[in-house]
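Engineer: Supplied in structure tokens, the structure appears directly below.
The values are calculated or read from the model by the stated rules, or taken from the named source; none is laboratory data. These figures come from a predicted structure and were not determined experimentally. Note that each Cβ is placed from the backbone with ideal geometry, even for glycine, and that neighbours are counted across all protein chains shown.
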Amino acid sequence: MCGICGIFDTSGSPVRRETLDAMTYSLRHRGPEARGIWQERGIGLGHARLSIIDLATGDQPMSNEDASLWISFNGEVFNYLELRDELIARGHIFKTTSDTEVILHGYEEYGTDFFRRMNGQWALALWNTGRRELLLCRDRVGIAPLFFTSVSSKGGRRILFASEPKALFRDPGVPRELDPRGLAESFTFWTTVAPRSVFKGIRELPPGRWIRFTEGSEQEGSYWELRFPHRSAETAGSAAEHARHLRETLVEATRLRFTRSDVPVAAYLSGGIDSSVTTAIIRNFTDARIKTFSLRFADAEFDEGGYQELMVSRLGTDHEALRVTNRDIGEVFPDVVEQAEKPLLRTAAAPMFLLSRFVRDSGYKVVVTGEGSDEMLGGYDIFREALVRDFIARDPESALRPEIIRHLYPWLQRNPAAAPAFARSFFSQSLDPADPALSHRPRWQSASGIMRLLNPDLQNEFEEYQAADDLLQRMPEGADDWHPLSRAQWLEITTLLAGYLLASQGDRMLMAHGVEGRFPFLDPDLVDLATALPPRYRIMGLDEKYLLKYAFADLVPEQILRRPKQPYRAPDAGSFFTDEPEWLKEIIEPRQLRTSGVFNPQAVESLMQKCRRKKGQGMSNFDNMAVTAVLSTLLLQRQTAGSS
Amino acid sequence: MDKTAIDNIISELREMQKSRDCPEIDLLETAMFLEDVFGISLDESEIDTSLLGHRADLSAFISCKLGDS
């Protein structure tokens, strides 16, 4: 992965070299190994390179043979060797061995249809010199980020694009303001949803889409869309048959991601099923000891070290664990926000930031991870909730049906006092079986409580903007006829996977230190397979990721296969208030809060007092989320205003 | 849906429940599964052990509900 940026001035005026240089330089953490600029009348492309494939001749921006087409590319095309052979057979002549050049020739041959044939992760810009046309494109699920904006220029407009918004702010014409609607989405879905970003005037290209700019027009299209089959469309085959197919597909996806690299590839090993499966698969493709990395937490509540050690011992990997304390998280949090460039409702990105630094310092710059498995194969509690809420909604008068909630959350059995209150909150919210967001309403309603902390003017603005309604209007045609689990997966993949897990907690934390993540569970063939599976093979009864466990029962120890699902989490308020970092006192100082204008100073002060009194320990789920959201938003606002 | 297909699906459900060290069939989970997979809506009186307690009974119950027997 790398950093890309560029400017297209539709008036044909020369692009300022200083701005292009500054934009490229601001992305140097994404590509510390080389920086390249290419420009001609009205256009300039920048590239910060992380060298992974074709170390010798893969520098960018790169052109085709007659320099009629130029590219700045961030990412990988894992099937580039197969595509290259095919293009050579069609008469194309290659001057490098890189995957980047395959895109140039593939686009020449097939236009935007070529993106559908690429198996990979990317954000790219293509400039057609003859047509004076800029095309931006992003991978199917949003692994690689891509933002763009436009500002008026003399006789036209400047279109600017970049891997990260911070590069766009290098142009003095780009406003440095938070977008209230972006905040509303962040405080509902835990993230903005492309095309919206949290910055006024800056758009994020949605996954699976391209956009083409010419001197007088702007045209958008999609080459892929996340879809699920009609509820009644049952794919034939038994669990055993589907499991065999899943296994073959995941093995091939992992092989491509492990072997297609000219530098060593390591793996993250979290102690969960997903990374255990991918690491076990990798073991078959190398005689060398696999290098694995993991996070350990000083706070035992969050630590998964026991499971990690179990897998390390089984696979015999060369393993290193980074131990993270609450204080580490608190101290590094401003850097994390600066990289994420979004409000954060959890601190879980901070340990990932520290881990990628550790990986890079250990001499690695590519890691395979298990991200995407939960979303594609049905691993989250919110999906099980979708099934349970649907079951109860079909007979809301039933006294027996609500009892099933005890199977979802076994801790309720140990704490009967909590059960009635929890059940009330769980079932009283929008239990309408026709609601396409039946699964996600409780989470969204809980998160949107953060908006009560905003200043009254902003609150009024939010009353006119319902982020959830806006999102639901974008669901594909026919989604009403999908299985409730499929609808829940679409919502989760569109919001939290693309906007948070692959972004704020994924690409942005990895690339902060020039480390590329590779995600076998997001391979296009695997995504196609997973979305077509009968829902019961994603979640059988209430058993999550049923088919994955079935397919890989021989590779993963029983203790890991059958362990209670534990989402990756990190301490939130405890990271800020056990041992208060210096930056915190400054940012919540009353005068600062008033100047900021985003939050209601009294409401924030009251929340902070509560956190201080309890030293961040034993806070409610909402308070943990709210304090993290407030602090990250204040940091983001200050960092954005200060960009120069 | 033919009887073999029903038997296979119920076997998969039971195998899953057994693998969780759940010796007795989980009634509510099974009821939810029946509604979801076979479209059989159950009322409270039908969710009892005599109907849903064993694989063979379950298959017969489903066939009966689907009008196959």
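Engineer: Any idea which residue in region A:84-135 is nearest to A:GLY46 (Cα to Cα), counting only those that are of a type in the set (Val, Ile, Thr) and in contact (Cβ under 8 Å) with a residue 60 or more places away in the chain? Before you say what the answer is, go through the steps one by one.
Structural biologist: Keep residues of region A:84-135 that are of a type in the set (Val, Ile, Thr), which gives A:88, A:93, A:96-97, A:100, A:102-103, A:112, A:129.
Narrowing further to those that are in contact (Cβ under 8 Å) with a residue 60 or more places away in the chain: A:112, A:129.
Numbers: A:THR112: 22, A:THR129: 16 Å.
By that ranking, first place goes to A:THR129.
Engineer: Now for a different question. Tell me, please, whether a residue that is closer than 30 Å to A:ILE329 by Cβ and more than 14 Å from chain B (Cβ to nearest Cβ) can be found in region A:521-535.
Structural biologist: At the first step, the residues of region A:521-535 found to be closer than 30 Å to A:ILE329 by Cβ are A:521-522.
Going one step further and asking which of them are more than 14 Å from chain B (Cβ to nearest Cβ), we end up with A:521-522.
Yes, region A:521-535 contains at least one residue that is closer than 30 Å to A:ILE329 by Cβ and more than 14 Å from chain B (Cβ to nearest Cβ).
Engineer: How about region A:521-579: which helices (runs of 4 or more DSSP H) wholly inside it have at least 1 residues that are touching a strand residue (DSSP E or B) at 6+ places or on another chain (Cβ under 6 Å) and closer than 17 Å to A:GLY379 by Cβ? Break it down into steps so the answer makes sense when it comes.
Structural biologist: Values: elements: A:524-532, A:535-538, A:546-551, A:558-561, A:573-577.
Qualifying helices (runs of 4 or more DSSP H): A:546-551.
Engineer: Considering only region A:575-586, I want to know if a residue exists there that is among the polar types (S, T, N, Q) and surrounded by fewer than 20 Cβ atoms within 10 Å (Cβ to Cβ). Lay out the reasoning, then the answer.
Structural biologist: The first filter runs over region A:575-586 and keeps only residues among the polar types (S, T, N, Q), leaving A:575, A:578.
This time we only want the ones that are surrounded by fewer than 20 Cβ atoms within 10 Å (Cβ to Cβ), so: A:578.
Scanning region A:575-586 turns up at least one residue that is among the polar types (S, T, N, Q) and surrounded by fewer than 20 Cβ atoms within 10 Å (Cβ to Cβ).
Engineer: Check whether at least one residue in region A:506-515 is more than 14 Å from every other protein chain (Cβ to nearest Cβ), of a type in the set (Lys, Arg) and either out of contact with any Ser or Thr (no Cβ under 9 Å at 6 or more places or on another chain) or assigned to a helix (DSSP H, G or I) (or both), and report yes or no.
Structural biologist: Of region A:506-515, the ones more than 14 Å from every other protein chain (Cβ to nearest Cβ) are A:506-515.
With the extra rule that they be of a type in the set (Lys, Arg), the set shrinks to A:508.
When the remaining residues are screened for being either out of contact with any Ser or Thr (no Cβ under 9 Å at 6 or more places or on another chain) or assigned to a helix (DSSP H, G or I) (or both), the result is A:508.
Yes, region A:506-515 contains a residue that is more than 14 Å from every other protein chain (Cβ to nearest Cβ), of a type in the set (Lys, Arg) and either out of contact with any Ser or Thr (no Cβ under 9 Å at 6 or more places or on another chain) or assigned to a helix (DSSP H, G or I) (or both).
Engineer: Could you tell me whether A:ARG360 is within 14 Å of chain B (Cβ to nearest Cβ), of a type in the set (Lys, Arg) and more than 18 Å from the chain's Cα centre (by Cα)? Give the steps one after another, and end with the answer.
Structural biologist: Details: within 14 Å of chain B (Cβ to nearest Cβ): no; of a type in the set (Lys, Arg): yes; more than 18 Å from the chain's Cα centre (by Cα): yes.
No, not satisfied.
Engineer: Is it the case that A:THR640 is without any contact (Cβ under 8 Å) to a residue 12 or more places away in the chain and either out of contact with any His (no Cβ under 7 Å at 6 or more places or on another chain) or closer than 13 Å to A:ARG346 by Cα (or both)? Break it down stepwise before answering.
Structural biologist: Numbers: without any contact (Cβ under 8 Å) to a residue 12 or more places away in the chain: no; either out of contact with any His (no Cβ under 7 Å at 6 or more places or on another chain) or closer than 13 Å to A:ARG346 by Cα (or both): yes.
For A:THR640, the condition - without any contact (Cβ under 8 Å) to a residue 12 or more places away in the chain and either out of contact with any His (no Cβ under 7 Å at 6 or more places or on another chain) or closer than 13 Å to A:ARG346 by Cα (or both) - is not met.
Engineer: Search region A:580-591 for residues being of a type outside the set (D, E, K, R) and part of a helix (DSSP H, G or I), and hand back the single one that is farthest from the other protein chains (Cβ to nearest Cβ). Can you show your working first?
Structural biologist: Going through region A:580-591, the residues of a type outside the set (D, E, K, R) turn out to be A:581, A:583-584, A:587-588, A:590.
Cutting the leftovers down to part of a helix (DSSP H, G or I) gives us A:583-584, A:587, A:590.
Details: A:TRP583: 47, A:LEU584: 45, A:ILE587: 47, A:PRO590: 52 Å.
My answer is A:PRO590.
Engineer: While we're here: With the condition kept exactly as written, say whether any residue in region A:376-391 is within 14 Å of chain B (Cβ to nearest Cβ) and free of Cβ contacts under 8 Å to residues at least 40 places away in the same chain. If you could, list the steps in order and put the result at the bottom.
Structural biologist: Here is the first cut: in region A:376-391, the residues within 14 Å of chain B (Cβ to nearest Cβ) are A:378, A:383-391.
From what is left, the residues that are free of Cβ contacts under 8 Å to residues at least 40 places away in the same chain are A:391.
Looking through region A:376-391, at least one residue is within 14 Å of chain B (Cβ to nearest Cβ) and free of Cβ contacts under 8 Å to residues at least 40 places away in the same chain.
Engineer: Given the criterion of a type in the set (A, V, I, L, M, F, W, C), in contact (Cβ under 8 Å) with a residue 60 or more places away in the chain and surrounded by fewer than 24 Cβ atoms within 10 Å (Cβ to Cβ), identify the matching residue among A:ALA56, A:ALA34, A:ALA22.
Structural biologist: A:ALA22
Engineer: Is it true that some residue in region A:256-269 is basic (Lys, Arg), in a loop (DSSP other than H, G, I, E, B) and in contact (Cβ under 8 Å) with a residue 60 or more places away in the chain?
Structural biologist: Of all residues in region A:256-269, those basic (Lys, Arg) come to A:257, A:260.
Among the residues that remain, those that are also in a loop (DSSP other than H, G, I, E, B) are: A:260.
Then keep just the ones that are in contact (Cβ under 8 Å) with a residue 60 or more places away in the chain; that gives A:260.
Looking through region A:256-269, at least one residue is basic (Lys, Arg), in a loop (DSSP other than H, G, I, E, B) and in contact (Cβ under 8 Å) with a residue 60 or more places away in the chain.
Engineer: Another question, then. Can you tell me which residues in region A:105-127 are outside any helix (DSSP H, G or I) and more than 20 Å from the chain's Cα centre (by Cα)?
Structural biologist: First pass over region A:105-127, keeping only residues outside any helix (DSSP H, G or I): A:111-112, A:118-127.
The answer is A:GLY111, A:THR112, A:ALA125, A:LEU126, A:TRP127.
Engineer: Here is a further query. Assigned to a loop (DSSP other than H, G, I, E, B) and farther than 24 Å from A:ASP328 by Cβ - does that describe any residue in region A:623-643? If you could, list the steps in order and put the result at the bottom.
Structural biologist: Taking region A:623-643 first, the residues assigned to a loop (DSSP other than H, G, I, E, B) are A:643.
Those still in the list that are farther than 24 Å from A:ASP328 by Cβ too: A:643.
Checking region A:623-643: at least one residue is assigned to a loop (DSSP other than H, G, I, E, B) and farther than 24 Å from A:ASP328 by Cβ.
Engineer: Quick one: how many residues across region A:309-327 are surrounded by 17 or more Cβ atoms within 10 Å (Cβ to Cβ), in contact (Cβ under 8 Å) with a residue 60 or more places away in the chain and not in a strand (DSSP E or B)?
Structural biologist: The number of residues fulfilling the criteria is 3.
Engineer: In addition: What's the number of the condition A:TYR364 fails, among (1) in a helix (DSSP H, G or I); (2) surrounded by fewer than 24 Cβ atoms within 10 Å (Cβ to Cβ); (3) aromatic (Phe, Trp, Tyr)?
Structural biologist: (1)
Yes/no per residue for (1) touching a helix residue (DSSP H, G or I) at 6+ places or on another chain (Cβ under 9 Å); (2) of a type outside the set (Phe, Trp, Tyr); (3) crowded, with 21+ Cβ neighbours inside 10 Å; (4) at positive phi:
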{"position": "A:ALA253", "(1), (2), (3), (4)": "yes, yes, yes, no"}
{"position": "A:ARG257", "(1), (2), (3), (4)": "yes, yes, yes, no"}
{"position": "A:VAL265", "(1), (2), (3), (4)": "yes, yes, yes, no"}
{"position": "A:GLY271", "(1), (2), (3), (4)": "yes, yes, yes, yes"}
{"position": "A:THR279", "(1), (2), (3), (4)": "yes, yes, yes, no"}
{"position": "A:ILE290", "(1), (2), (3), (4)": "yes, yes, yes, no"}
{"position": "A:LEU295", "(1), (2), (3), (4)": "yes, yes, yes, no"}
{"position": "A:ALA300", "(1), (2), (3), (4)": "no, yes, no, no"}
{"position": "A:TYR307", "(1), (2), (3), (4)": "yes, no, yes, no"}
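Engineer: Of all helices (runs of 4 or more DSSP H) completely enclosed by chain B, which ones contain at least 1 residues that are at pLDDT 85 or above and within 11 Å of chain A (Cβ to nearest Cβ)?
Structural biologist: Details: elements: B:3-19, B:27-33, B:49-52, B:55-66.
Correct list: B:3-19, B:27-33.
Every residue, every condition in (1) under 30 Å from A:ARG227 (Cβ atoms); (2) of a type in the set (Lys, Arg); (3) under 21 Å from the mean Cα position of the chain (by Cα); (4) surrounded by fewer than 16 Cβ atoms within 10 Å (Cβ to Cβ), yes or no:
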position	(1), (2), (3), (4)
A:ILE450	no, no, no, no
A:ASP457	no, no, no, yes
A:TYR465	yes, no, no, yes
A:ASP469	yes, no, no, yes
A:PRO484	yes, no, no, no
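Engineer: Which pairs turn up if I take residues in region A:545-568 that are within 13 Å of another protein chain (Cβ to nearest Cβ) and look for partners that are of a type in the set (Val, Ile, Thr) and not in a helix (DSSP H, G or I) with beta carbon separation below 9 Å, at least 6 apart in sequence or on another chain?
Structural biologist: Short answer, once both residue conditions are applied: A:LYS545/A:ILE539; A:TYR546/A:ILE539; A:LYS549/A:VAL556.
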